[in-house]
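Throughout, read-outs are computed from the coordinates displayed, never taken from laboratory work. These numbers come from a predicted model, not from an experiment. Glycine gets a Cβ as well: all are built from the backbone with ideal geometry, and neighbour counts include every protein chain shown.
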Amino acid sequence: GWGLVYTGFIDVPSDGLYTFYVNSDDGSKLFIGNDLIVDNDGSHGPQEKSGEILLKAGMHAIVLQYFEDVGGEYLSVSYQGPGIKKQEVPASAYRH
């Protein structure tokens, strides 16, 4: 198996409640600031889990942990929030 950790920032357009979804095969965890928002850990086939957080407009630190154990490999991060229908987080929303 192997793993990766993505660290950076996400830029959200407006204040409000955001739902983040992580679909992974195998395990993943998504943190915003110091808060664990999505816990999709463990060895499993593709499955999606979600969590909610109130965010102010602007930049927020984000950490995505992922590991691959056996079988297929898949990782996808989506979100929805004020004025945003559920969609994969676009590359334009991420910052380094």
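Observations
- Relative contact order of the stretch 6-96, defined on C-alpha pairs under 8 angstrom at six or more residues apart (%): 40
- Rounded FRET efficiency, nearest 0.05, which uses the C-beta distance separating Ser43 from Ser14 and R0 of 35 Å: 0.40
- Were the residues from Val5 through Asp35 laid out at 0.36 nm apart, the gain over their Cα-Cα distance would be 9.2 nm.
- The HN-Hα couplings worked out from phi for the stretch 10-22 by the Karplus form 6.51 cos²θ - 1.76 cosθ + 1.60 (θ = phi - 60°) are 10, 9, 9, x, 8, 5, x, 8, 10, 10, 10, 10, 10 Hz, whole numbers, x standing for Gly and Pro.
- You can think of it this way: the chain between Leu54 and Ser78 has 7.0 nm of extra reach, that is 0.36 nm per residue less the Cα-Cα gap.
- Excluding same-chain neighbours fewer than eight residues apart, the aspartates and glutamates reachable from Lys49 by a Cα-Cα span under 19 Å are Asp25, Asp26, Asp35, Asp39, Asp41, Glu68, Asp69, Glu73, Glu88.
- In a simple Cβ point-charge model (Lys, Arg +1; Asp, Glu -1; nothing else charged), the stretch 1-93 has a dipole of about 360 debye relative to its Cα centre.
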